[in-house]
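Here is the structure we will look at.
The values are calculated or read from the model by the stated rules, or taken from the named source; none is laboratory data. This is a predicted model, so every value here is computed, not measured. Positions of Cβ are backbone-derived with ideal geometry, glycine not excepted, and every protein chain shown enters the neighbour counts. Ligands, DNA and RNA are stripped out before the accessible areas are found, and what is left, the full protein with its side chains, is counted by its heavy atoms. Shrake-Rupley method; radii C 1.70, N 1.55, O 1.52, S 1.80 Å.
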Amino acid sequence: MRKPIIAGNWKLNKTPHEAVILVNELKREIIDVEGVDIVLCPPFIALADVADTLTDTNIALGAQNVFWEDAGAFTGEISAPMLKDLGVSYIIIGHSERRQFFHETNETVNKRLRAVLKHGMMPIVCVGENLAQREANQTFDVIKDHCEGSLKGLSADEMKHVVIAYEPVWAIGTGKTATPAQAQEVHVFIRQLLGKMFGVEVAADLRIQYGGSVTPDNVASLMAQADIDGALVGGASLKAPSFAAIVKAAQK
């Protein structure tokens with residue numbers, strides 16, 4: 001039985017002060033939730049304050065990105081050892097916004113992924129097609145390219161410590177959501193593809209999140225699908241009531 005995982009990606013939102021307020025609100029809402037891995041991914045500058053606020057809770061700390069080198073002359077970058085020292089457990093890798101605005105590629109996603117695994121944290125690797133690609137019936141080609149390129153060279157044992165997030169780019173922040181059937185279709189494709197790459201047993205245990213305008217209103221129907229194991233939540237993670245509702249829906 002795959003344990004659901006709900007991760008809140010705050011993106012470029014919340015000062016450290018605002019982050020602590022939100023976390024304290026969330027703690028009151030979901031402190032008793034069991035059976036769900038809950039992850040909060042604030043901006044880098046809020047990680048230390050959020051880490052302190054999450055001490056002895058059921059909520060894990062995540063980061064939104066990482067650089068692949070441990071140290072050196074890389075101005076503006078943050079390394080895996082730095083994040084681990086702060087108490088980070090999960091790191092989002094290759095989000096569509098990183099690919100779109102900061103020109104990340106499968107190759108650089110693979111480097112970041114290896115750095116995260118090397119230091120004992122769990123990567124959430126994002127894959128997904130944009131609107132033009134979906135309308136051109138290229139969804140499965142794009143997903144295959146992202147999976148094969150981003151996960152290149154990983155062993156089956158390493159893959160056991162990876163989470164995949166399917167994010168249809170056309171549904172992120174647009175209010176549009178893939179229907180549960182559309183999302184399930186892609187999740188099945190991903191699981192079958194990873195079964196060919198890493199073995200059926202590994203793929204069967206792998207958790208695949210859906211990310212794309214997830215809300216309290218649609219999360220239950222998405223989570224009811226056999227191959228959807230959680231959500232990578234954007235806008236709805238910025239308010240305690242909506243994120244708590246999504247977490248509680250996953251618990252059911």
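Looking at A80, A132, A73, A136 in this structure, which one is hydrophobic (A, V, I, L, M, F, W, C), without any contact (Cβ under 8 Å) to a residue 12 or more places away in the chain and closer than 30 Å to A48 by Cβ? Before the answer, list the steps.
Working: A80 fails: without any contact (Cβ under 8 Å) to a residue 12 or more places away in the chain; A132 fails: closer than 30 Å to A48 by Cβ; A136 fails: closer than 30 Å to A48 by Cβ.
The unique qualifying residue is A73.
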Do we find a residue being out of contact with any His (no Cβ under 8 Å at 6 or more places or on another chain) and on the phi > 0 side of the Ramachandran plot anywhere in the range 168-176? yes
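Filter the range 88-97 down to the residues that are at pLDDT 95 or above and either open to solvent by 60 Å² or more (accessible area, probe 1.4 Å) or among the small types (G, A, S) (or both), then identify the one that is farthest from W68 (Cα to Cα).
From the range 88-97, those at pLDDT 95 or above are 88-95; that's our starting set.
Filter again for either open to solvent by 60 Å² or more (accessible area, probe 1.4 Å) or among the small types (G, A, S) (or both), leaving 89, 94.
On the way: S89: 16, G94: 12 Å.
So the residue we want is S89.
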Got a number for residues in the range 187-201 being in a helix (DSSP H, G or I) and touching a residue at least 24 places away in the same chain (Cβ under 8 Å)? 9
Hey, L40 closer than 25 Å to D227 by Cα, open to solvent by less than 50 Å² (accessible area, probe 1.4 Å) and in contact with a helix residue (DSSP H, G or I) (Cβ under 8 Å, 6 or more places away or on another chain) or not: yes
Just a yes or no: is a residue in the range 53-69 among the aliphatic types (A, V, I, L, M), more than 18 Å from the chain's Cα centre (by Cα) and surrounded by 18 or more Cβ atoms within 10 Å (Cβ to Cβ)? yes
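Here's the yes/no breakdown for (1) at pLDDT 95 or above; (2) in contact with an Asp or Glu (Cβ under 9 Å, 6 or more places away or on another chain); (3) open to solvent by 50 Å² or more (accessible area, probe 1.4 Å):
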site	(1), (2), (3)
A171	no, no, no
G175	no, no, yes
Q182	no, no, yes
V186	yes, yes, no
L194	yes, no, no
L206	yes, yes, no
A231	yes, no, no
L238	yes, no, no
K248	yes, yes, yes
So if I check each of A220, A183, A178, A204, which one is in contact with a Phe, Trp or Tyr (Cβ under 8 Å, 6 or more places away or on another chain), in a helix (DSSP H, G or I) and not polar (S, T, N, Q)? A183
Any pair with Cβ under 7 angstrom, 6 or more apart, that starts in the range 205-218 at a residue that is touching a residue at least 60 places away in the same chain (Cβ under 8 Å) and ends at one that is among the acidic types (D, E): R207/D229; Q209/D229; G211/E167; G212/E167
Of everything in the range 111-165 that's among the small types (G, A, S) and in contact with a helix residue (DSSP H, G or I) (Cβ under 6 Å, 6 or more places away or on another chain), which residue is most open to solvent (accessible area, probe 1.4 Å)? A156
Identify the residue in the range 123-168 that is of a type in the set (D, E) and in a loop (DSSP other than H, G, I, E, B) and, among all such residues, is farthest from L61 (Cα to Cα). E129
Given the criteria open to solvent by 20 Å² or more (accessible area, probe 1.4 Å) and in contact (Cβ under 8 Å) with a residue 24 or more places away in the chain, does D85 qualify? no
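If we keep just the residues of the range 214-226 that are surrounded by fewer than 20 Cβ atoms within 10 Å (Cβ to Cβ) and touching a helix residue (DSSP H, G or I) at 6+ places or on another chain (Cβ under 6 Å), which is nearest to E29 (Cα to Cα)? It would help to see each step written out before you state the result.
Step one: filter the range 214-226 for residues surrounded by fewer than 20 Cβ atoms within 10 Å (Cβ to Cβ), giving 215-217, 220-221, 224-226.
Then drop every residue that is not touching a helix residue (DSSP H, G or I) at 6+ places or on another chain (Cβ under 6 Å), which leaves 215-216, 220-221, 225.
Numbers: T215: 16, P216: 14, A220: 18, S221: 22, Q225: 25 Å.
That would be P216.
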